Each structure stands twice: as structure tokens, then as C-alpha cells.
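*Asks:* Supplied in C-alpha cells, the structure appears directly below.
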């Protein structure tokens with residue numbers, strides 16, 4: 001009898017919470033409130049059996065963290081919705097597909113501020129740019145994406161945006177959630193394909209589609225992050241050591257020191273294994289492009305870290321990417337010089353006065369995206385298309 005009463009009380013509590021949640025959901029949606037996400041990967045992406053994850057199609061939510069708050073919208077395929085003002089293109093306009101990770105997806109910038117939008121505005125109707133960026137993708141996943149989503153679009157050019165951590169991502173299974181590759185007997189061998197584990201469970205999917213739950217999850221996540229920060233600060237005080245929160249990027253007030261410049265030449269993400277896998281994957285991407293009916297040309301663009309941008313020189317990873325592009329006779333662009341000049345010349349941005357990057361973040365701000373879009377437009381000129 002006692003157990004039955006407890007079950008009845010539990011059921012009543014659960015019913016009350018469900019009714020309250022439903023009422024909150026109806027009210028928030030009536031007020032035009034959007035879901036709010038703190039985690040870009042699990043908040044804006046769903047599991048995919050081949051790719052590991054892909055953007056949630058037709059999804060719109062607020063992405064808020066580290067001092068920025070932007071609305072993000074996906075198109076019907078799960079990629080960042082274009083917003084550039086160009087509605088019609090000239091007949092047989094060349095198609096440019098851009099592959100990349102969170103930089104290409106547009107981390108921390110609002111709709112219409114991604115560099116692909118800026119590039120399209122500068123090109124006008126003479127060529128068509130399409131953003132295929134997906135958060136946390138490496139070259140391995142981009143190769144699979146090219147096969148399944150980019151190839152049907154029949155691009156004339158494929159631009160590969162390479163960031164340093166791509167080399168590690170190519171060989172990292174992410175606890176069974178990511179397809180990756182290895183080199184065996186000199187050959188590129190697929191691993192974890194199809195993917196064994198899902199990037200997010202049913203609870204995370206519910207959070208993506210519920211305004212009330214996503215906002216509650218965001219509130220809990222931010223409070224938990226602050227609690228962890230206070231614990232770290234307390235532990236540092238107990239140990240008698242100064243507590244300094246790790247900076248995600250340099251600033252004008254905290255430029256790259258000589259020691260940090262030396263560190264550019266020895267990145268933990270650069271190993272003989274992942275270097276060889278990247279070289280093989282670049283060859284695989286080129287072969288995939290050559291096998292398509294449109295035979296698109298593959299272009300390679302290197303994205304520097306904030307520390308490389310501040311110092312004005314790329315590290316060993318950047319040099320390796322350039323050498324691999326040269327080996328395959330692919331056009332190569334290093335964004336380091338252009339972003340370094342923007343770093344030195346731009347008006348102050350962010351809480352600490354740094355330009356190009358978001359405050360306390362390694363991703364570009366809107367100024368950075370504008371500069372990258374203009375640089376790509378100058379490099380891959382309309383006459384080259």
C-alpha cells in the first residue's frame with residue numbers, strides 16, 4: 001500500500017511537471033522565443049550513420065556563449081542558410097562549394113555575416129557560392145560529405161578550408177562517434193564506418209526542438225560552467241597560486257610572446273600519423289573531384305590559429321598543408337598574412353580590444369569574416385572561374 005501511494009505521488013508530480021512544461025512551451029512559442037543552445041555541435045546537429053553528424057535541417061535557434069548571442073538558421077539540408085541578397089544568377093554561373101568546419105559554418109556570427117555570404121555579395125550573380133561547413137568536421141568527414149551531399153549539386157569548384165585541428169580529427173574516433181581513417185601498408189583505410197555511436201541521444205534531440213527545455217538546459221549549463229570556474233579559482237587560491245582563466249585567443253593587450261611564437265613550431269596536433277593521413281585524404285578529395293561529371297577544381301585554403309595570426313607566421317601544420325597542396329599541384333592560399341594585417345590595422349573589437357576574433361574565442365568575428373570573404377574574392381577571381 002505504501003509503495004502504491006508513492007507511485008501515485010510520483011505520477012502526480014510527473015503529470016504536473018508535464019503540464020507546466022507544455023504550458024511554458026506554448027507561452028514561449030507564442031512570444032516568438034527561439035530555442036537557445038550553448039553547445040554548437042550537439043545543439044545544432046543530429047546523428048548521421050555515415051558522417052557521424054550533420055546539421056539539423058530547417059532549424060533555427062539562438063547560439064549564445066562567451067559574450068556573443070546570434071541567431072543561426074539551417075537550410076533544408078542542414079547547412080548554414082545563405083543570406084546575401086543575390087536571388088538570381090546568370091545562365092551557367094559557375095558553382096563554388098565550400099567545405100570546412102566551425103569557421104565555415106559561421107561560429108558566433110549572425111545570419112548573412114559568414115564569409116561565404118560576403119564572398120557571394122562581392123561576386124554578385126556571376127558565380128554561385130554554397131556553404132557546406134559543418135562543426136567539428138575534419139578532412140575525413142568532408143571527403144564523405146563531398147560524396148553524399150556536394151557531388152549532387154555538381155560544383156565547378158570545391159574550396160577546402162583547412163584548420164590545424166583537422167589533422168587530429170581525421171584520425172580521432174571521438175569515442176566511436178566519428179568516421180576516421182588510418183594508414184596501413186601505405187594505404188588509406190576507413191575506420192568506424194558506419195559510425196557505431198550517436199553524437200546525441202533522444203534527450204538532446206528533444207532539447208533541440210523544445211523552446212522550454214532548450215532554454216532550461218542552457219540556464220543549467222551556464223550555471224554549471226560558472227560553478228566549475230569558481231571551483232578552479234578556489235583550488236588555485238588554496239594552493240597559493242594565481243588563477244588565470246585560459247585565453248582562447250591573444251588580444252592587443254596580450255599579444256603572442258616569444259615563447260608562444262616558438263610554440264607555433266611544435267603543435268601537439270601534428271604527428272607523423274595524422275600528417276600522412278591528411279596527405280592521403282587530400283589526394284582522395286582531388287580524385288573525387290576529378291571523378292565528378294563537372295570535374296571541379298580543388299582549391300586549398302589554410303586557416304591560422306589566433307596565435308599564428310598575431311605572430312604573422314604559420315606553424316608546422318600550415319607548412320605541411322601547403323606542401324601537400326603543392327605535391328598534388330593544387331592552388332593554395334594561406335590566410336595568415338591577410339589576417340595578420342587585419343589584426344594590426346583594424347579598429348578594436350571585443351571586450352579586450354582585439355580585432356578579427358571574437359572576445360575570448362578562437363573564431364573570427366564579423367570583421368574577420370568580411371576580410372576572409374574579400375580575400376577569397378581577390379584570390380579566386382571571377383575570371384578564374
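Please treat every number below as a calculation from the coordinates, not as lab data. Just so we're clear, the structure is a prediction, and the values are computed from it rather than from any experiment. Glycine also receives a Cβ, built like all others from the backbone with ideal geometry; neighbour counts cover every protein chain displayed.
*Asks:* By how many nm would the segment from residue 175 to residue 316 grow when fully extended, if each residue of separation counts as 0.36 nm and the alpha-carbon distance is taken off? Can you show the working numbers first?
*Replies:* Values: separation 141, 0.36 × 141 = 50.76 nm, distance 2.71 nm.
Result: 48.1 nm gained on full extension.
*Asks:* Can you sort 271, 305, 313, 116 by how many other beta carbons sit within 10 Å, fewest first? If you can, show how the numbers build up before the last one.
*Replies:* On the way: 271 13, 305 25, 313 19, 116 28.
Ordered by Cβ neighbours within 10 Å, fewest first: 271, 313, 305, 116.
*Asks:* Can you sort 375, 309 from fewest to most other Cβ atoms within 10 Å of each residue's own Cβ?
*Replies:* By the 10 Å Cβ count, ascending: 375, 309.
*Asks:* Sort 186-198, 146-158 by the packing proxy (mean of other Cβ within 10 Å over each peptide's residues), most packed first. Mind dumping the intermediate values first?
*Replies:* Details: 186-198: 13.9, 146-158: 18.2.
The most tightly packed comes first, giving 146-158, 186-198.
*Asks:* Taking 0.36 nm per intervening residue step and subtracting the Cα-Cα distance, what contour gain separates residue 385 from residue 329 on full extension? Can you show the working numbers first?
*Replies:* Values: separation 56, 0.36 × 56 = 20.16 nm, distance 1.75 nm.
Gain on extension, residue 385 to residue 329, equals 18.4 nm.
*Asks:* Determine, for 53, 307, the number of other Cβ atoms within 10 Å of each Cβ, and report the residues in order from fewest to most. Present the calculation step by step, with values, prior to reporting the outcome.
*Replies:* Details: 53 25, 307 20.
So the ranking, lowest neighbour count to highest, is 307, 53.
*Asks:* Return the inverse of the average 1/r over all pairs of distinct C-alpha atoms in region 280-373, which is the Kirkwood hydrodynamic radius, in Å to one decimal. Could the numbers behind the result be given before it?
*Replies:* Working: mean 1/r = 0.0684 Å⁻¹.
Here the Kirkwood hydrodynamic radius works out to 14.6 Å.
*Asks:* With N denoting the number of residues in region 33-76, provide Rg(C-alpha) divided by 2.2 N^0.38 Å, to two decimal places. Mind dumping the intermediate values first?
*Replies:* On the way: Rg = 11.0 Å, N = 44, 2.2 N^0.38 = 9.3 Å.
Relative to the rule-of-thumb radius for its length, region 33-76 sits at 1.18.
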